[in-house]
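The values are calculated or read from the model by the stated rules, or taken from the named source; none is laboratory data. Being a predicted model, the structure only gives us computed values, none of them experimental. As a convention, Cβ positions derive from the backbone with ideal geometry for all residues, glycine included, and neighbour counts pool all protein chains shown.
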Amino acid sequence: MSIAPELIVRLQKNDQEAQRLFWSSQWSYVFAICAHILGKGAAATDLAVDVLTAFMFDYVHGLAHPATAKAYLRLMAVRRSLQKRKEQRVFVELQNWETLVEEGARTPEDQALCRAAMPRLEGCLSRLSPNAQQVIRLSYTQGMGNNRIAELLGVSKQYIGKLIKKSLERLRRCMEEPIPGEGRKGEGS
């Protein structure tokens, strides 16, 4: 069911009754979209609230054609849900990286150093191409071999081997770069 153009006009005028009516009529629609992508839970609920709020207070004022409001609302919910799902996946993968790195550390001191290096590693990973990031994660967090990754991505195992080698070299160089704001040892102030 579409959103009545009159309701959109009232929203554009910041009519509080129209806001309540819009919220109650669109909540289940927006939540269903978010829950379909994110699963039912707090993330879908929070995102549905964000989408409805942003639409009512920000986007409705730039809406040129009130008849397109429902489609625009759906597009907002889908895009934001997909972005949220991507962020959640990256967070889980980074937790896996931390576990993997810590498991390789033998002493408590090594584990502390690994934890301290994680934010830096996350930043360095973000500098890699999306394809390289995916291959590194499949190799190191999922434990997949080059053959399996190549098969999964539809490329040659030689390509995967070269990509991993080049990506690890880029990560090493990035991790060795001086941190902005920190002086080198021996530099006077």
Checking Leu63 against (1) modelled with pLDDT of 60 or more; (2) touching a Ser or Thr at 6+ places or on another chain (Cβ under 9 Å); (3) hydrophobic (A, V, I, L, M, F, W, C); (4) surrounded by 16 or more Cβ atoms within 10 Å (Cβ to Cβ), only one condition comes out false. Which one? (2)
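Which of the residues belonging to the stretch 1-34 are surrounded by fewer than 18 Cβ atoms within 10 Å (Cβ to Cβ) and under 17 Å from Gln83 (Cα atoms)?
Passing the criteria: only Ala32.
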Pull up the stretch 35-60, narrow it to residues that are among the hydrophobic types (A, V, I, L, M, F, W, C) and exposed (fewer than 15 other Cβ atoms within 10 Å of the Cβ), then point me to the one that is farthest from Asn14 (Cα to Cα). Ala42
